[in-house]
Amino acid sequence: MQISDGLEEFKKDAEHWKLTRDLERQAAGIVELLRQYSDSTPPKEAMKETKAFLAEVERWKGMSMQHQVRLAKSNPEAAIWRAFQQAVKAQTDLEAVRSIMTLIGFGSSPHPETHLRRAKRATAVLRFLKPYEWGAVDWRTIELLRLLDKYALDVEAALADAKTEDPRKLKRDLDHINEDWACEANQKYRAMRTSELPRAADVEMALFGLSMIAWPLSL
């Protein structure tokens with residue numbers, strides 16, 4: 001089994017795969033609007049479209065579960081536009097992810113105990129705005145990266161080890177992925193790009209697909 005086989009696993013969720021493709025098309029339009037109005041005030045319709053896109057990314061990241069979809073719409077249109085502009089113009093990974101993390105529901109509030117700001121949803125936005133450079137990050141992909149590194153990219157060995165782990169514990173332990181950790185993961189995504197997985201987003205989807213073999217979403 002190859003890492004690229006995970007992308008076929010990802011596609012097996014037809015509804016989520018359709019949403020992914022739809023969002024990629026929407027994101028291309030959003031990026032064009034951001035470029036078109038990079039130095040001028042955008043029309044209200046452009047800002048409205050950007051806010052709707054953010055809400056759809058939130059739904060994508062939450063796998064369409066209603067309790068995961070609630071905060072994106074609380075952001076003012078102007079704040080979303082400003083965050084997106086800063087992200088696409090960013091010169092560094094940290095600058096890009098921190099731009100999105102200014103938004104409510106995407107990392108603006110630190111955890112009361114760890115004082116860390118979660119970057120997972122912010123990476124989901126960047127995954128669509130900059131798919132060649134960014135993939136979404138969560139506990140599944142973080143743990144798959146660790147196991148593939150442990151077993152020198154031997155997918156079958158990594159999955160065999162993964163199946164011995166408790167996904168509930170992993171989800172708890174890897175819940176607070178901050179911006180530094182997210183950037184590190186994306187550097188690894190980029191290093192794993194191939195002709196079959198040419199974008200960081202493709203690598204991320206493949207890793208997520210492999211994770212579903214080890215830890216089905218029903219768990």
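Observations on the model:
- Region 37-58 residues that are more than 10 Å from PHE84 (Cβ to Cβ), paired with ones that are among the hydroxyl-bearing types (Ser, Thr, Tyr) (beta carbon under 7 Å, 6 or more apart): ALA46/TYR37
- ARG25 vs. criteria loosely packed, with under 12 Cβ neighbours inside 10 Å, under 20 Å from the mean Cα position of the chain (by Cα) and within 27 Å of TRP139 (Cα to Cα): yes
- Of all residues in region 43-65, those being touching a Leu at 6+ places or on another chain (Cβ under 8 Å) and part of a helix (DSSP H, G or I) number 10.
- Positions within region 1-21 being under 16 Å from LYS130 (Cα atoms) and in contact (Cβ under 8 Å) with a residue 24 or more places away in the chain, in sequence order: THR20
- Residue within region 178-196 that is at pLDDT below 95 and outside any helix (DSSP H, G or I) present: yes
Residues checked against (1) among the charged types (D, E, K, R); (2) within 30 Å of THR50 (Cβ to Cβ):
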{"residue": "THR123", "(1), (2)": "no, yes"}
{"residue": "ARG127", "(1), (2)": "yes, yes"}
{"residue": "TYR132", "(1), (2)": "no, yes"}
{"residue": "ALA136", "(1), (2)": "no, yes"}
{"residue": "LYS150", "(1), (2)": "yes, no"}
{"residue": "LEU159", "(1), (2)": "no, no"}
{"residue": "VAL203", "(1), (2)": "no, yes"}
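- Summed over region 99-132, residues that are buried (at least 17 other Cβ atoms within 10 Å of the Cβ) and within 14 Å of the chain's Cα centre (by Cα) total 19.
- Among the residues of region 173-219, the ones that are crowded, with 21+ Cβ neighbours inside 10 Å and hydroxyl-bearing (Ser, Thr, Tyr) come to 2 in all.
The values are calculated or read from the model by the stated rules, or taken from the named source; none is laboratory data. What you see is a predicted model, and the numbers here were worked out from it, not measured in a lab. All Cβ positions, even for glycine, are placed from backbone atoms using ideal geometry, and neighbour counts span all protein chains on display.
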